[in-house]
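The values are calculated or read from the model by the stated rules, or taken from the named source; none is laboratory data. What you see is a predicted model; the values in this text were computed from it and never measured. With ideal geometry, Cβ positions are generated from the backbone for all residues, glycine too; neighbour counts draw on all protein chains shown. These accessible areas exclude ligands, DNA and RNA; they are computed on the full protein's heavy atoms, side chains included. Shrake-Rupley method; radii C 1.70, N 1.55, O 1.52, S 1.80 Å.
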Amino acid sequence: MLAFTGDSIPGANPLYHTRYDTFHILDEIIDRGFKTHRAVCQVTAEMARNLADSLTVPFNVSDLSEQLQMRVTILDMEYGQLLRTHGIHFEWLQEAAENFSSEVIKFQTRADNINMNDPFAIRRINDQLILLERAFIDPAGLPGRPLARHVLFSHLDVNSYVGTTFPGLVDSLLKLADASEDETKALWEVIKQHFSVLVFTIQSAQTTLREVTTFMPDFQETV
C-alpha cells in the first residue's frame, strides 16, 4: 500500500466503513479535489516507470539489510526472552541476519562498480536481485496460511489491516495469549518449526548474493 502520512496529514479516514463515508465527504472535506489521490498516483506511476526503464533493478539491498537487522533487534526486545526460555536459540537468527548484512556489503560494492556497458554483467546483477526476493518465499506458506508465503513481510493473520515483520512467528506468538494448555503446546511446536524455516530462508537468501564465478572448461582439440 502507498500512502502519504505525517503530522499534518490525517493517518486514516475517521468515517471509514461508516454510512458517512461518501464520495462527497471525501471530495469536499477529506481530500478536496482529490489532490492527494492524484499525487499518490503520480508517485506510483513514476516508480513503475523507473522500474521498467532502469538498466539494473532499482532494489537497494542495503536498505533491506538494515531493516532486517533492525527488525531482528525489535523481535528480540519483544519476544527474545520468551523464545529463549522455550529452548529456541535466538542467536541463530541474529547470526543469520549479520551474515546476510556482510554479504550485502560485498554485493553492493560489486553492483556499484558494475560496467554499465556490459550487458552480461548487468544481467547477472539483475538475476541476483530477482532471485533474492524470491528466496524469501516459502512454498509451504506461513503457519496456517498457505497463501501467504513471504517469511519476512506480510499482514497479520489476527488483523489483516496491520503489516508486520516475521509474520509467521508473530502470529503464533500473539495467539498464545488466548490459547488453552493443549493449544499452547501445539503453538510452541509451530513456533520452533517456523523459527528454523526463518533462519534457513535468510541463510539461503544470502547465497543468492554471492559473487558468481564463471567456469570455462579447457577443451583441447583432438586430431
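Which one of Arg110, Arg123 is on the phi < 0 side of the Ramachandran plot, open to solvent by 80 Å² or more (accessible area, probe 1.4 Å) and in a helix (DSSP H, G or I)? Exactly one of Arg110, Arg123 is on the phi < 0 side of the Ramachandran plot, open to solvent by 80 Å² or more (accessible area, probe 1.4 Å) and in a helix (DSSP H, G or I), namely Arg123. If Asp171 meets every condition in (1) of a type in the set (Asp, Glu); (2) surrounded by 15 or more Cβ atoms within 10 Å (Cβ to Cβ); (3) modelled with pLDDT under 90 apart from one, which number is that one? If we test Asp171 against (1) of a type in the set (Asp, Glu); (2) surrounded by 15 or more Cβ atoms within 10 Å (Cβ to Cβ); (3) modelled with pLDDT under 90, just (3) comes out false. Of the residues in region 75-82, not one is surrounded by 12 or more Cβ atoms within 10 Å (Cβ to Cβ), closer than 17 Å to Ile125 by Cβ and touching a residue at least 12 places away in the same chain (Cβ under 8 Å). Quick one: would you say Ser54 is of a type in the set (Ser, Thr, Tyr), in contact (Cβ under 8 Å) with a residue 24 or more places away in the chain and open to solvent by less than 60 Å² (accessible area, probe 1.4 Å)? For Ser54, the condition - of a type in the set (Ser, Thr, Tyr), in contact (Cβ under 8 Å) with a residue 24 or more places away in the chain and open to solvent by less than 60 Å² (accessible area, probe 1.4 Å) - is not met. Search region 127-147 for residues being farther than 19 Å from Asp63 by Cα, assigned to a loop (DSSP other than H, G, I, E, B) and of a type outside the set (A, V, I, L, M), and hand back the single one that is most open to solvent (accessible area, probe 1.4 Å). Across region 127-147, the extreme among qualifying residues is Pro139. When restricted to residues that are touching a Leu at 6+ places or on another chain (Cβ under 7 Å), part of a helix (DSSP H, G or I) and in contact (Cβ under 8 Å) with a residue 40 or more places away in the chain, region 171-212 contains 6. Within region 148-168, if we keep just the residues that are of a type in the set (A, V, I, L, M, F, W, C) and either open to solvent by less than 30 Å² (accessible area, probe 1.4 Å) or free of Cβ contacts under 8 Å to residues at least 12 places away in the same chain (or both), the residue that is farthest from Ser196 (Cα to Cα) turns out to be Val162. Could you give me the residue pairs with C-beta distances under 6 Å whose first residue belongs to region 127-147 and is of a type in the set (Asp, Glu), whose second residue is surrounded by 18 or more Cβ atoms within 10 Å (Cβ to Cβ) wherever it lies, and which are 6+ apart or on separate chains? From region 127-147, the pairs are Asp138/Val151.
Scanning region 174-209 for residues that are open to solvent by less than 40 Å² (accessible area, probe 1.4 Å), more than 29 Å from Ser102 (Cβ to Cβ) and touching a Ser or Thr at 6+ places or on another chain (Cβ under 9 Å) returns Leu176, Leu187, Trp188. With respect to the conditions (1) in contact with a Phe, Trp or Tyr (Cβ under 7 Å, 6 or more places away or on another chain); (2) of a type outside the set (S, T, N, Q); (3) not in a loop (DSSP other than H, G, I, E, B), Ala97 lacks only one, and its number is (1).
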